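The values are calculated or read from the model by the stated rules, or taken from the named source; none is laboratory data. Small disclaimer: the values here were computed from a predicted structure and weren't measured. Methodologically, a virtual Cβ is constructed for each residue, glycine included, from the backbone with ideal geometry; neighbour enumeration extends over all protein chains shown. Please note that ligands, DNA and RNA were not included when accessible areas were found on the heavy atoms of the full protein model with its side chains. Shrake-Rupley method; radii C 1.70, N 1.55, O 1.52, S 1.80 Å.
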Amino acid sequence: MEELLCCEGAAPASASRAAPDPSLVRDARVLRNLLAVEERYLPRCSYFKCVQRDLQPFMRRMVATWMLEVCEEQKCEEEVFPLAMNYLDRFLSVVPTRKCHLQLLGAVCMFLASKLKETIPLTAEKLCIYTDNSIRPQELLDWELVVLGKLKWNLAAITPHDFIEHILRKLPFPRDKLLLIQKHAQTIIALCATDFNFAMYPPSMIATGSVGAAVCGLQLDEGDRLLSGDFLTALLARITNTEVDCLKACQEQIESVLVNNLQEVPQHQSNASKTMDELDQSSTPTDVRDINL
Amino acid sequence: MPLSQGNILQPSCSRKACRNLFGPVDHEQLQNDFQSLMKAEWEEAQRRWNFDFETETPLEGDYRWEKISHINVLSPQDLLSYSKENSCAGDKSLSAPVLLKRHEKMDNPGQGSLEAESSRQLKRKQTSIKDFYSSKRRTIPYKANP
């Protein structure tokens, strides 16, 4: 009798993933629509000036850094973190919030973003543990409702990640280079999300700026005059209908944030660097420290 | 058993990412803030729809609310919203099924006057209060059923 063979892998941790849908990426209408609606999901104002009394920009940075660490450790899909930051910014731009409730809010935003984007979302209990049990699961669930109400249940916000594939397919690089650019751009996008200076920028600009910074950082532009500096910026600007000067300014700002981050972290480099294996398993972007400028 | 008690997640607690960022959380204050934000939300919804969601009674305002009990005249789309309503209403509608529906739907179950509303529903697929209770701009004075 023939033996029956089961090829199904018993790996509950790795969620199955849909293949990229070419009809979504190749259709120009998709990009056009993304560009048309992206501004609807921007925070209403620069809230540290006009809404918040108890909060300061460095606190947003603290909570954002923590959220990114949680998302990386839990191997969340890469858009979960920027999406959660979008919720956080939109909430903070309408509700004055106490400093001691900011971490709860960050946890709620990750909870929602993870539920929207992931097959196996983060649980309330897990998120509470990550706050060192300073909040209770019931509080997380209560505040989930508050946040949803303030966001008017508009959760499908557009993030820079939504533009990446649309941009990359128009760049004249070989496939392996494109994958590398994508990984670096994803890291840069995460980094931008931790920095309040980028909170009011349209996602398409952050996406194009991040791709530009990734190409420069990887030094893929060298040797090919058509892909160097101004040519690349002009090409990128055309793809997302951004003004060349704005895009240039955005890319420079991204590059200076990258430089600052690289200066801050080298002492942790040895214990924080990931093995290639880990990188392959995780859909979280490349570590910031892996990028060379 | 809650996950937090399980030993699978305990090791992650010792990791660097498990930390309290801004000091102790005042749970009472958190609860108070939650209550007041939710209360404001309810009041806003009540004003907007002139409907008291707590007691499930219509109020004076722009919209006129009507009870509907005969489901056989409703389109499949309406039936869907009926079942949603029924499952959400809990034990508040124990006896006869009660559904508040827009007046024109009764007279004209076809497309007609529904167009404005249904095209809007197509554009944003989110559940809105209208999926549960449809309503109509008030044209004549209306008294809530006693």
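Here is a list of conditions, (1) touching an Asp or Glu at 6+ places or on another chain (Cβ under 6 Å); (2) within 11 Å of another protein chain (Cβ to nearest Cβ), and A:CYS71 meets all of them except one; can you say which number that is?
(1)
Residues in the range A:133-140: is at least one small (Gly, Ala, Ser), under 22 Å from B:ASP26 (Cα atoms) and in contact with a Leu (Cβ under 7 Å, 6 or more places away or on another chain)?
The answer is no; no qualifying residue exists.
Matching residues to (1) touching a His at 6+ places or on another chain (Cβ under 7 Å); (2) surrounded by fewer than 20 Cβ atoms within 10 Å (Cβ to Cβ):
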position: A:LYS177; (1), (2): no, yes
position: A:LEU180; (1), (2): no, yes
position: A:ILE189; (1), (2): yes, no
position: A:ALA193; (1), (2): no, no
position: A:MET200; (1), (2): no, yes
position: A:ALA214; (1), (2): yes, no
position: A:LEU218; (1), (2): yes, yes
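Can you go through A:THR65, A:THR123 and tell me which one is touching a residue at least 60 places away in the same chain (Cβ under 8 Å), surrounded by fewer than 21 Cβ atoms within 10 Å (Cβ to Cβ) and among the hydroxyl-bearing types (Ser, Thr, Tyr)?
So the residue among A:THR65, A:THR123 that is touching a residue at least 60 places away in the same chain (Cβ under 8 Å), surrounded by fewer than 21 Cβ atoms within 10 Å (Cβ to Cβ) and among the hydroxyl-bearing types (Ser, Thr, Tyr) is A:THR65.
Only one of (1) at pLDDT below 90; (2) surrounded by 12 or more Cβ atoms within 10 Å (Cβ to Cβ) fails for B:GLN46. Which number is that?
It is condition (1) that B:GLN46 fails.
One line per residue, one yes/no per condition, for (1) in contact with a Lys or Arg (Cβ under 6 Å, 6 or more places away or on another chain); (2) more than 11 Å from every other protein chain (Cβ to nearest Cβ); (3) modelled with pLDDT of 95 or more:
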{"residue": "A:GLN103", "(1), (2), (3)": "no, no, yes"}
{"residue": "A:THR123", "(1), (2), (3)": "no, no, yes"}
{"residue": "A:VAL147", "(1), (2), (3)": "no, no, yes"}
{"residue": "A:ALA157", "(1), (2), (3)": "no, yes, yes"}
{"residue": "A:HIS161", "(1), (2), (3)": "no, yes, yes"}
{"residue": "A:PRO172", "(1), (2), (3)": "no, yes, no"}
{"residue": "A:LYS177", "(1), (2), (3)": "no, yes, no"}
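Might you check whether a residue that is part of a helix (DSSP H, G or I), more than 21 Å from A:MET205 (Cβ to Cβ) and away from every other protein chain (no Cβ under 14 Å) occurs anywhere in the range A:26-36?
yes
Can you name the condition, by its number, that B:GLY23 falls short on among (1) modelled with pLDDT under 95; (2) open to solvent by 30 Å² or more (accessible area, probe 1.4 Å)?
So B:GLY23 meets the others, but not (2).
Across the range A:74-90, which residue is farthest from the chain's Cα centre (by Cα) among those that are more than 20 Å from A:TYR201 (Cα to Cα) and more than 11 Å from chain B (Cβ to nearest Cβ)?
Going through the qualifying residues, I end up with A:LYS75.
Take the residues in the range A:91-130 that are outside any helix (DSSP H, G or I) and of a type in the set (S, T, N, Q); name whichever of them is farthest from the chain's Cα centre (by Cα).
A:THR97
Mind checking which residues of the range A:134-153 are of a type outside the set (Val, Ile, Thr), crowded, with 19+ Cβ neighbours inside 10 Å and in a loop (DSSP other than H, G, I, E, B)?
A:SER134
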